[in-house]
Amino acid sequence: MLDSRSASSIAEIDLRALGENLRRVRERVGRRDVLAVVKANAYGHGAVPIAHYLKNNKIMPALLGVAFLDEGIALRESGIADPILLMTGAPLAQIDAIVQYCLSPVIFDTETLFALNRAAEAAGRTLPIHVKIDTGMGRLGLPPSEALSFIKTAADLPGLAVEGVLSHFAYSDLQDKAFVAQQMARFQTVLGDLEHKGIKTHYRHMANSAAVIDYKPAYLNLVRPGLMLYGYSPAENTPPLPLKPVMQLKARVIAVKKVPASTSISYGRTYVTQRESRIATIAIGYADGYPCILSNRGMMIAKETLVPVVGKVCMDMTMLDVTQVPSLRTGDWVTAIGTEGDRAVWADRVAQWAETHPYEILCGIGPRVHRRYIGS
Ligand SMILES: *Cc1c(COP(=O)(O)O)cnc(C)c1O
């Protein structure tokens, strides 16, 4: 493994910023519990180091949320014993491992429910599960009309404990408030039915980051923020919350050259210099998660100066016009996401140039990029 001095690109991850963002969530939701979403390797930031930071600093939330079995196993094998919610469910082929590693799956069909119960019973365990209701996302979950009988059935199984009931919003930014309210009402109806029948579940949850920021009715007694922990708001128009981006992405300059006017740069010759130019070649490309669509569009920061990406982004390299930065040399670092001096290019801005959202930019940062943790 390379150390950061010899790396070609670095994602610098400020764990204290993550801790502060979590504190903001807690300030906002008061005494409710928090599930920290660390799926997709904690949105590219590294789920294992983040979980250990939370644990070592005694700020571990009530649950961690992952998408897939491997992510849960990686946390368990690194020594994390805290509750982990497996948010995409429990494929039959994975049930034994789920029981073995004591992961709490989200459940939404009876075949899985019974198979999981048998496996848990055989292992002499009571496995916590969370039952998912589809209130309008159209992805995972039972129709609200089937929720009550399903949960009653589940509650009677000796190998399982229904620890939670959840649903998920169809808008990560809660843009359509009418639909948001409709989903919330459907979920509240299910929760009301459960209460009426005297069925108690420890957790009831629906709030993603956007709801934590801007929709109190969804707080219930557990919130499930992801993106905001990493420092971004999912919506442009939400009330400002002082979140701190956790990751900065830096890449090394591997060549700088002066070229005459009318020189074409990179594949397809999509950029041709208008004047004599200094072109820097940077050690990051689309294989590292710097998207191709940023060709002739993106900007990076070189010595506190904004500089444009010129020509096509390649697999391993990207070219910048650094004519305005005469002091930039081979071996220096430039910032693709982050801040230098009073210049900043954060993932939300990169996402705008790339016609996507910050989620995809952050998750896309590839495994070749060396992760360096500060504040641990
Ligand atoms: C990813 C995810 C979240 C977190 O969403 P953010 O918009 O990142 O806060 C919450 N709940 C579920 C089920 C998810 O899949």
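Taken together, LEU227, LEU174 contain a single residue that is on the phi > 0 side of the Ramachandran plot, out of contact with any strand residue (DSSP E or B) (no Cβ under 6 Å at 6 or more places or on another chain) and buried (at least 21 other Cβ atoms within 10 Å of the Cβ), which is LEU174.
For the range 33-45: of the residues being at positive phi and surrounded by 24 or more Cβ atoms within 10 Å (Cβ to Cβ), which is nearest to the ligand (Cβ to nearest atom)? Among them, the one singled out is TYR43. Among the residues of the range 218-242, those that are at pLDDT 95 or above and not in a helix (DSSP H, G or I) comprise TYR219, LEU220, ASN221, LEU222, VAL223, ARG224, PRO225, GLY226, GLY231, TYR232.
If we keep just the residues of the range 269-312 that are among the aromatic types (Phe, Trp, Tyr) and within 23 Å of the chain's Cα centre (by Cα), which is least open to solvent (accessible area, probe 1.4 Å)? Working first, answer last.
Applying the first criterion (among the aromatic types (Phe, Trp, Tyr)) to the range 269-312 yields 271, 286, 290.
If we keep only those that are within 23 Å of the chain's Cα centre (by Cα) as well, we get 286, 290.
Details: TYR286: 104, TYR290: 5 Å².
Selected residue: TYR290.
Do we find that ALA161 is open to solvent by less than 50 Å² (accessible area, probe 1.4 Å), more than 25 Å from TYR219 (Cα to Cα) and not β-branched (Val, Ile, Thr) in this structure? Can you show your working first?
Numbers: open to solvent by less than 50 Å² (accessible area, probe 1.4 Å): yes; more than 25 Å from TYR219 (Cα to Cα): no; not β-branched (Val, Ile, Thr): yes.
Considered against the rule, which asks whether it is open to solvent by less than 50 Å² (accessible area, probe 1.4 Å), more than 25 Å from TYR219 (Cα to Cα) and not β-branched (Val, Ile, Thr), ALA161 comes out as no.
Filtering ARG371, ARG349, ARG343 for residues that are open to solvent by 30 Å² or more (accessible area, probe 1.4 Å), in contact (Cβ under 8 Å) with a residue 60 or more places away in the chain and more than 24 Å from GLU276 (Cα to Cα) leaves a single hit, ARG371.
Restricting to the range 243-268, what's the tally of residues that are in a loop (DSSP other than H, G, I, E, B) and either open to solvent by 60 Å² or more (accessible area, probe 1.4 Å) or farther than 29 Å from HIS370 by Cβ (or both)? It would help to see each step written out before you state the result.
Kept after step one, since they are in a loop (DSSP other than H, G, I, E, B), are these residues of the range 243-268: 243-246, 260-263, 266.
Then drop every residue that is not either open to solvent by 60 Å² or more (accessible area, probe 1.4 Å) or farther than 29 Å from HIS370 by Cβ (or both), which leaves 244, 260-263.
Summing the residues that are in a loop (DSSP other than H, G, I, E, B) and either open to solvent by 60 Å² or more (accessible area, probe 1.4 Å) or farther than 29 Å from HIS370 by Cβ (or both) in the range 243-268 gives 5.
A quick yes/no check of all residues on (1) in contact with a helix residue (DSSP H, G or I) (Cβ under 6 Å, 6 or more places away or on another chain); (2) without any contact (Cβ under 8 Å) to a residue 60 or more places away in the chain; (3) within 16 Å of the ligand (Cβ to nearest atom):
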site	(1), (2), (3)
ARG31	no, yes, no
ALA47	yes, yes, yes
LEU69	yes, yes, yes
MET87	no, yes, yes
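Determine whether the range 175-194 contains at least one residue that is within 16 Å of the ligand (Cβ to nearest atom), assigned to a loop (DSSP other than H, G, I, E, B) and touching a residue at least 24 places away in the same chain (Cβ under 8 Å). Checked against the condition, which is being within 16 Å of the ligand (Cβ to nearest atom), assigned to a loop (DSSP other than H, G, I, E, B) and touching a residue at least 24 places away in the same chain (Cβ under 8 Å), the range 175-194 yields at least one hit. Of the residues in the range 72-80, none is open to solvent by 10 Å² or more (accessible area, probe 1.4 Å), under 29 Å from MET247 (Cβ atoms) and within 16 Å of the ligand (Cβ to nearest atom). For the range 195-238, the set of residues classified as within 16 Å of the ligand (Cβ to nearest atom) and basic (Lys, Arg) consists of ARG204, LYS216, ARG224, listed by residue number.
Provide a single number: the residues in the range 19-63 that are outside any helix (DSSP H, G or I) and within 12 Å of the chain's Cα centre (by Cα). Walk me through how you get there before you give the answer.
Within the range 19-63, the subset outside any helix (DSSP H, G or I) is 30-38, 44-46, 57-63.
Cutting the leftovers down to within 12 Å of the chain's Cα centre (by Cα) gives us 36-38, 44-46.
Residues that pass the stated criteria total 6.
Here LEU140 fulfils each of the conditions (1) more than 16 Å from the ligand (Cβ to nearest atom); (2) of a type outside the set (Lys, Arg); (3) touching a residue at least 12 places away in the same chain (Cβ under 8 Å) apart from (1).
Taken as a whole, the structure leaves ASP342 outside the set of residues that are closer than 20 Å to GLU12 by Cβ, within 16 Å of the ligand (Cβ to nearest atom) and not basic (Lys, Arg). Taking PHE68, is it among the aromatic types (Phe, Trp, Tyr), closer than 19 Å to HIS205 by Cα and either open to solvent by 50 Å² or more (accessible area, probe 1.4 Å) or more than 21 Å from the chain's Cα centre (by Cα) (or both)? Spelling it out, it is not the case that PHE68 is among the aromatic types (Phe, Trp, Tyr), closer than 19 Å to HIS205 by Cα and either open to solvent by 50 Å² or more (accessible area, probe 1.4 Å) or more than 21 Å from the chain's Cα centre (by Cα) (or both).
The values are calculated or read from the model by the stated rules, or taken from the named source; none is laboratory data. Computed from a predicted model, the values in this text were never measured in an experiment. Backbone-built Cβ (ideal geometry, glycine too); neighbour counts: all protein chains shown. For accessibility, only protein heavy atoms count, side chains too; no ligands or nucleic acids. Shrake-Rupley method; radii C 1.70, N 1.55, O 1.52, S 1.80 Å.
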